[in-house]
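What follows is a single structure, written as structure tokens, with notes after it.
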Amino acid sequence: TKMDSHPSGGALEKVGKSNELDITSTSDANSADSIPTLAFPSISTADFQFNLEKASDIIVEKVEEFISRIGKARLVLVDLSQGSKILSLVKTKAARKNIDSNKFFTFVGDITRLRSQGGLHCNVIANAANWRLKPGGGGVNAAIFKAAGSALEIATKERAVTLSPGKSVIVPLPSSSLLFAREGVTHVIHVLGPNMNPMRPDCLKDDYVQGCKILREAYSSLFEGFVSVVR
Ligand code: AR6
């Protein structure tokens, strides 16, 4: 496993064998821009306090399950910091399973600034949402609603008013949204993961049998949604 510094400043962490094609090479920059790409945060592992070892197993398992169904498209797990524990766990486990690092990799950056700051165009981004599908609350949800502006709130309300754990909803982003204009994001997929935080609604206490089942459902629903967008 190696880590490359991305031409545009972001850090691209590659998973897989080191002799694989380097997708960061500048000659690929234009063609790479048109590859349908889903950027997603690690669902439930910050505010919702889901165990990182278990979550990383589920992410890699679900990526492996869906990777053959996404054609030329790519899946990218994103987190804010270079020291992200979930990124390093997933990177190691994906490499161990020989998952194609051109189709799945990890990336350090703000999910609302992937193209403008990281040089990585992702036409679809996932949100770790809350059950009310409302802005705020911190984490990636607050960042995405803030960056997208009221256009996302309005478009979300047209699709759904609440979300159950393990489910997702695809929201086409109006071109009036800054996330569309600046980042080239055409769809936001809201996902509600299992909550293990006693301070938040629907806490599962320490029930990881239920928790893992719901997290698997959440990723299946997210990746199915992405497949339906790119098809
Ligand atoms: N860009 C990329 N990754 C991010 C960003 C960002 N801007 N912000 C956070 N992360 P969390 P959850 C990472 O807490 O655990 C909200 O209040 C973060 O480091 O956003 O599913 C909602 O309203 C972590 O790896 O989501 C819900 O109530 C991952 O995103 C609740 O939090 C998910 O962290 C959902 O909690």
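For segment 191-203, the condition of being surrounded by 15 or more Cβ atoms within 10 Å (Cβ to Cβ) and away from the ligand (no atom under 12 Å from the Cβ) holds for none of the residues. Looking across segment 198-231, just one residue is over 24 Å from GLU153 (Cβ atoms), part of a loop (DSSP other than H, G, I, E, B) and either in contact (Cβ under 8 Å) with a residue 24 or more places away in the chain or touching a Pro at 6+ places or on another chain (Cβ under 6 Å) (or both), and that is LEU204. Only one residue in ILE99, ILE170, ILE154 is more than 15 Å from the ligand (Cβ to nearest atom) and in a helix (DSSP H, G or I). Which one? Answer to the check: ILE154. Here HIS190, HIS121 are screened, and the one residue that is touching a residue at least 12 places away in the same chain (Cβ under 8 Å) and part of a loop (DSSP other than H, G, I, E, B) is HIS121.
Annotation for segment 1-20: no member residue is at pLDDT 95 or above, on the phi < 0 side of the Ramachandran plot and of a type in the set (S, T, N, Q). Taken over segment 139-149, the residue count meeting the criterion of being open to solvent by less than 40 Å² (accessible area, probe 1.4 Å) and near the ligand (Cβ under 6 Å from one of its atoms) is 3. Within segment 170-179, the presence of at least one residue that is in contact (Cβ under 8 Å) with a residue 24 or more places away in the chain and either among the charged types (D, E, K, R) or closer than 30 Å to LEU204 by Cβ (or both) is confirmed. Taken over segment 155-176, the criterion of being farther than 25 Å from ARG231 by Cα and surrounded by fewer than 20 Cβ atoms within 10 Å (Cβ to Cβ) is satisfied by VAL161, THR162, SER164.
The values are calculated or read from the model by the stated rules, or taken from the named source; none is laboratory data. Predicted model, so just to flag it, every value in this text is computed and none were measured. Cβ: placed from backbone, ideal geometry, glycine included. Neighbour counts: every protein chain shown. Note: accessible area is taken over every heavy atom of the protein model, side chains too, but ligands, DNA and RNA are not part of it. Shrake-Rupley method; radii C 1.70, N 1.55, O 1.52, S 1.80 Å.
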